[in-house]
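**Student:** Below you'll find the structure I mean.
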């Protein structure tokens with residue numbers, strides 16, 4: 001959301017944290033208004049929307065999730081799945097956005113330990129080759145995408161509901177930021193968002209605290 005508005009968590013050289021105050025303030029103000037002390041449309045203390053969506057009980061109108069949610073709907077509530085009363089839409093973009101980004105994406109990956117025995121490495125590569133050669137089954141049975149051209153160009157992928165929406169969103173999006181301090185950065189983001197939503201901290205106060213703590217972490221690192 002911040003990156004859509006031209007902001008960033010880190011500068012390109014990785015030396016400075018929290019860029020473009022206007023972008024950050026707009027996002028923090030949005031969360032403040034969204035929370036229980038604003039319009040009460042959501043809260044970090046509430047159950048995740050994606051866990052309630054499949055109930056189709058009018059408590060949730062939209063959730064953020066992945067293609068796997070489609071199979072979850074079918075497994076949890078077949079009547080809802082077949083009702084044509086749900087759809088997948090592109091990730092929303094601010095009206096004043098300067099970047100047309102979707103939601104940042106991430107991926108799981110296979111690893112082979114170079115310090116293990118040659119026999120173990122050989123079997124690890126065989127296992128990886130086996131998994132990557134069953135992309136259509138993985139999609140059909142698990143609702144998960146393996147990043148291979150063979151899968152993305154297959155009929156199985158084309159026949160998946162709203163697969164084109166997911167593909168288009170990934171094409172305009174970026175991967176999540178990778179940094180050795182990510183766990184600490186995640187905690188600082190959580191602290192900033194929860195402070196404006198739950199404890200009455202102003203967006204400016206939350207931003208000042210976030211900037212100070214994030215840059216202190218960088219200096220210590």
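**Student:** Of the listed peptides 174-180, 193-199, 212-218, what is their order by residue-averaged count of other C-beta atoms within 10 Å, with the highest listed first?
**Tutor:** 193-199, 212-218, 174-180
**Student:** Is the shape of segment 1-132 rounded, prolate or oblate, going by the alpha carbon gyration tensor and its root eigenvalues a ≥ b ≥ c, with a/c under 1.5 for rounded and a/b larger than b/c for prolate?
**Tutor:** Judged from the Cα gyration tensor, segment 1-132 comes out oblate (a/c at least 1.5, b/c at or above a/b).
**Student:** Return the label of the correct value of mean projected area of the Cα convex hull in nm², as calculated from the structure shown, out of [x] 15.4; [y] 20.6; [z] 13.0.
**Tutor:** Read-out taken from this structure: [x].
**Student:** What full-extension length gain, to one decimal in nm, is calculated for residue 64 and residue 182 as 0.36 nm per residue of separation minus the Cα-Cα distance?
**Tutor:** 40.3 nm
**Student:** Let me ask something else. In nm, give the distance between the simple-model label positions of residue 104 and residue 148, each being 7 Å from the Cα along the Cα-to-Cβ direction.
**Tutor:** Modelled inter-label distance: 2.9 nm.
**Student:** Continuing with this model, one more query. At 222 nm, what helix-only mean residue ellipticity would the chain give, in deg cm²/dmol to the nearest 500, using -39500 (n - 2.57) for each DSSP H run of four or more?
**Tutor:** Here the helix-only value at 222 nm equals -14000 deg cm²/dmol.
**Student:** Does segment 1-75 classify as rounded, prolate or oblate by the C-alpha gyration tensor (a ≥ b ≥ c root eigenvalues; a/c under 1.5 gives rounded; else a/b over b/c gives prolate, otherwise oblate)?
**Tutor:** oblate
**Student:** Let me ask something additional. Using just the alpha carbons, could you tell me how many Å³ per residue the convex hull of segment 130-197 encloses?
**Tutor:** Convex hull volume per residue, Cα atoms: 155 Å³.
**Student:** Quick check: residue separation of residue 112 and residue 97 times 0.36 nm, minus the Cα distance between them. What number comes out in nm?
**Tutor:** Fully extending the segment from residue 112 to residue 97 adds 1.3 nm.
**Student:** Along Cα→Cβ, 7 Å out, is where each label goes; now give me the distance between the ones at residue 123 and residue 205 in nm to one decimal.
**Tutor:** Placing both labels 7 Å beyond Cα along the Cβ direction yields 5.8 nm.
**Student:** Need the full-extension length gain, residue 216 to residue 159, defined as separation in residues times 0.36 nm minus the C-alpha distance. One decimal, nm.
**Tutor:** In short, 15.6 nm is gained.
**Student:** A further question follows. Sort 148, 209 so the one with the fewest other Cβ atoms within 10 Å of its own Cβ comes first.
**Tutor:** Sorted ascending by nearby Cβ count, the order is 148, 209.
**Student:** Mind running the shape call on segment 181-221? Use the C-alpha gyration tensor, a ≥ b ≥ c as the square roots of the eigenvalues: rounded below 1.5 for a/c, prolate if a/b tops b/c, oblate otherwise.
**Tutor:** Oblate.
Computed from the coordinates by the stated procedures, all read-outs in this text should not be read as laboratory data. Not measured: the values here are computed from a predicted model. When we count neighbours, we look across all protein chains shown, and the Cβ atoms used for this are built from the backbone with ideal geometry, even at glycine.
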